[in-house]
Amino acid sequence: MIAEGMISSFVILILFFILLLVLIQQSKKGRKFEMKHLPGLDAIEEAVGRATEMGRPIVANPGLGSLRTGPVTIAGLSVVTYVSRIAARNGTKLIVPVADPEILPVVDEIVRTSYNLEGMSEDFDPDYQIRWLGNNQWSWTAGLQGIAEREQVAANIMIGSFAAEAMILAETFARVGAFQVGGLTNTYQIPFFVAACDYTLIGDEMLAAGAYLSNDPEQIATIATEDVFKIVFVGVIVVGVLLGLVGSDLMIKLLEM
Amino acid sequence: MSVMIKKQIPLVIAFIVGVILVFEWFIPTNLGDAVGTGLRESGIIINSFAIMAGVIGLYLNEIRKVSLRRDDWQYSVWMLLVVSLFILIGVPFGYESTNYQWMYNSILMPLGATMYGSISFYIAAASYRVLKFRSVQSIVLLIPAMILILGNTPMITSVWSGFTDTGGWIMTNITQPVYTGIMIGVALGTLATGLRTLLGMETGWLGRREEGE
Amino acid sequence: MSEEGFFNQLERIPRELIYAVLLIGLCYVLVYPVGLPIKVSGETKELYDSIEELPDDSVVLVDIAFGAGGMPELGPAFTAVMHHLYQRDLRVIVMTLYTEGPQMYDILVVNKIEPESSYDKTYGVDWCFFGYNAGGVTTMAELARNMRILETDYRDTPLDQLQVMEGVEDYTDVDLVITFSTSSGGISSPADWVQQWATPYEVPMACVVLKMMIPTVSPYYGTGQVDALIPGAGASAEYELLVNRPDEGLASTDALSVAHLIVIILVILGNIAYFGKGGGIAT
């Protein structure tokens, strides 16, 4: 019934889903899952406060992606939601640069709703705050560089989908003295963010941002599920290596099923 | 339409489509294949319409900025002119036409290539600022970086290939396993985020927050 | 100037000066190339051999997944590999899911390589180009199951009328996929090709990517899901040597050397300044 070569993936998916439901149920019954602190996300509130004192704007950048790049953009949008709430509460000028036109209405709704929920709807200025800079990678980058220099941005929260422009953006915002929190899953851009940003979220730390910032027990239960499976995979790797050392390819055959 | 329905309908659609596509991937059947193909082709069509909707939204926003004389409205005029020019040439004559090709080759391509080329300048400035024997962590960053830079310098590798071999060892035995580990974490994170989205727990893509938060 | 003042100055070299030195250095070697010898790496030879060993009339699917930004690095490599494909008697199907892909095709294939005059090849018989198709990974996944979902090529000729497409229905009829990619995900990244073609259907795959992407794609190369993996920078020069078509790749090796040497000098200066000011290693 299941396609050849997909059985092991299917089993992993079903087990993941079952464990997810079990841990969500446990969280509903009151079990608390502790997440380690992510200094990058903890620093966002401090960054916004710093920008407010300096009277300079902050940039909440969800990256180049669209909803087609899926979880990465969703994580970026979760952070934009969080940052826009704090900015609205503190009266800090906020700029959200958008590359893909698909997410332009989503970002508009996010920021507008954040300001409404904080009772600061009169401070919401879509022309200033939501800036579509073109979905060409380089026009977007050039536009952002211009924003950094002209506005003298105090904090740059860039968590989302980034490609080759990561280095340019990180270095440009560093040049204007902005406090930077970066997060991306693009492994080959990680070194640039690590070098240029004050805090960096690497890989799945970034994908956990939504759950971490919401502090929702059910969402945190999904992170717990991930962690359980990481331990399982480490076990699989260890067993596979040991089997390989004695000349058995059983683990490989099981995973190839 | 109430907020409940505005939120619930997209979540229900996302759940149904997601479940169908997941099962269609794992359990091939003729019906599943046909439905999955139909959904994927619909996705392609919807994506094209989304681009069109984005361009329409862009026009509306930028025209409003110009009419209200907002800050930097002159740039909005320029953007509208350039976008209109590309559309007026591209749509009737096609992107293979000489005029469109000329515009692309003369304007977009050199600008894009220049922006990409400017990365090297930023890397040079960042390397100078960051790569120092400041702490144990920065030394761990600095030494392999130097070995890899030397190993990728043709002037040096044509004389001695030791840096290339060492750099290759670092890439194969340190970088690659580390990246594999990160990719496994990202894959699990993607799976968790995807399932959160299907279950309606992750609603950031809807652009809405819970009432009363 | 006191010692401390000197090291302070050394630590604060203006960015503009760094940019100027780099710019002058790069321009100089591009105008007056040094022309040092280069060695062909095993990885580049691997890609060359994988194409060389294909039987005549094999079908090669070439994916253009870069635009103007990636052109300086991947353009020379793409040109060199396409020269190789045209030098052999193969059926080449070029596709792109990038909006700028057709422009890259026009610049590099139509205007630069000119297969019809250079290799006596005929469009539609020896090669074809699908043009730009939206949909990213969705389209890529569908193509594996049915190459005819894209009904026409970029000249609006029905695929059924192209001799090069005769008998090419799905992944089983493709002998090698070569992707030239700057993408990290969502639209024609190497990971997408591995997920949609190489892993489920075991189609032989080669990736030519930006140098900085090598660590990301090398896990797939290590497991055999990708059969050949080369970076655009550097490897393009090597490939030009192998196919005997010296071009921009070879010309840019000196610029590569100069840029790297300047970075090394800057790092050394930065550390001299740091220690000169009394800095130490924090534990």
> Can you tell me which residues in the range C:196-248 are small (Gly, Ala, Ser) and either within 17 Å of C:GLU46 (Cβ to Cβ) or touching a Phe, Trp or Tyr at 6+ places or on another chain (Cβ under 7 Å) (or both)?
Replying inline: C:ALA198, C:ALA206, C:SER218, C:GLY222, C:GLY224, C:ALA228, C:GLY232, C:GLY234, C:ALA235, C:SER236, C:ALA237
>> Just checking, does the range C:21-28 include any residue being touching a Pro at 6+ places or on another chain (Cβ under 7 Å), of a type outside the set (Phe, Trp, Tyr) and under 22 Å from C:GLY232 (Cα atoms)?
In response: no
>> So A:ALA142 ticks every box in (1) facing another protein chain (nearest Cβ under 8 Å); (2) of a type outside the set (Asp, Glu); (3) surrounded by 24 or more Cβ atoms within 10 Å (Cβ to Cβ) but one. Which box is left unticked?
In response: (3)
> For the range A:183-193, what are the residues that are in contact with a Phe, Trp or Tyr (Cβ under 6 Å, 6 or more places away or on another chain) and in contact (Cβ under 8 Å) with a residue 40 or more places away in the chain?
Replying inline: A:LEU184
>> Of the residues A:GLY65, A:GLY40, only one is more than 13 Å from chain B (Cβ to nearest Cβ) and in contact with a helix residue (DSSP H, G or I) (Cβ under 8 Å, 6 or more places away or on another chain); which?
In response: A:GLY40
> In the range B:64-86, how many residues are farther than 17 Å from A:GLY143 by Cβ, loosely packed, with under 12 Cβ neighbours inside 10 Å and more than 12 Å from chain A (Cβ to nearest Cβ)?
Replying inline: 1
> Of all helices (runs of 4 or more DSSP H) completely enclosed by the range C:172-283, which ones contain at least 2 residues that are within 14 Å of the chain's Cα centre (by Cα) and farther than 23 Å from C:GLY25 by Cα?
Replying inline: C:214-222, C:232-242
> Looking at A:THR222, A:THR200, which one is assigned to a strand (DSSP E or B) and β-branched (Val, Ile, Thr)?
Replying inline: A:THR200
> Within the range C:135-153, can you find the residues that are buried (at least 16 other Cβ atoms within 10 Å of the Cβ) and either out of contact with any Ser or Thr (no Cβ under 9 Å at 6 or more places or on another chain) or among the aliphatic types (A, V, I, L, M) (or both)?
Replying inline: C:VAL137, C:THR138, C:THR139, C:MET140, C:ALA141, C:LEU143, C:ALA144, C:MET147, C:ILE149, C:LEU150, C:ASP153
> What residue, of A:ALA87, A:ALA75, is without any contact (Cβ under 8 Å) to a residue 60 or more places away in the chain, of a type in the set (Gly, Ala, Ser) and in a helix (DSSP H, G or I)?
Replying inline: A:ALA87
> Looking at C:ILE272, C:ILE264, which one is more than 9 Å from chain B (Cβ to nearest Cβ) and surrounded by fewer than 23 Cβ atoms within 10 Å (Cβ to Cβ)?
Replying inline: C:ILE272
> Applying the selection to the range A:221-255, what residues are within 9 Å of chain B (Cβ to nearest Cβ) and touching a residue at least 12 places away in the same chain (Cβ under 8 Å)?
Replying inline: A:THR222, A:ILE223, A:THR225, A:GLU226, A:PHE229
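Read-outs: derived from the displayed coordinates by stated rules, not from any lab. For clarity, every value in this text was computed on a predicted model and none was experimentally measured. Counting neighbours? That spans all protein chains shown, and the Cβs are built from the backbone with ideal geometry, glycine included.
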